[in-house]
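Here the structure comes first, spelled out in structure tokens, and everything after it is commentary.
The values are calculated or read from the model by the stated rules, or taken from the named source; none is laboratory data. Source: prediction; values computed, not measured. Counting neighbours? That spans all protein chains shown, and the Cβs are built from the backbone with ideal geometry, glycine included.
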Amino acid sequence: MAAKLRKGDTVVVLAGKDKGKQGEIQSVDPKANKAVVEGVNVAIRHTRQTQTSQGGRQPKAMPIDLSNLALMDKNGKATRVGFREEDGKKVRFAKTTGEAI
């Protein structure tokens, strides 16, 4: 099945501690059904100091389940994603506005 959410898409969080936050997808793991979104589900990781890098507490975006994310349409609202064929190609479209993504 084709991916409804892809790297680079702007999404809004529907559930969890970061509900309502928006961000851009940095990576998607289809097998685990999770995505890493910039600025969402941030955890603090403690790193040891090395010769090349400073140690300390580093914020890191952790994966969030795809079911808790919704694509943003051009109006800034959460929308579901559908598929249709245009000029012989399968394209994604926003269900709220009907325009291709």
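With the condition kept exactly as written, say whether any residue in segment 75-91 is at negative phi, over 16 Å from the mean Cα position of the chain (by Cα), in contact (Cβ under 8 Å) with a residue 12 or more places away in the chain and part of a loop (DSSP other than H, G, I, E, B). Looking for residues that are at negative phi, over 16 Å from the mean Cα position of the chain (by Cα), in contact (Cβ under 8 Å) with a residue 12 or more places away in the chain and part of a loop (DSSP other than H, G, I, E, B), one finds at least one in segment 75-91, hence yes. Can we say Ala43 is farther than 24 Å from Asn75 by Cβ and at pLDDT 95 or above? So Ala43 passes the test. Here segment 23-54 is the region considered, the condition is being in contact (Cβ under 8 Å) with a residue 12 or more places away in the chain and assigned to a loop (DSSP other than H, G, I, E, B), and the residue that is surrounded by the most Cβ atoms within 10 Å (Cβ to Cβ) is Val40.
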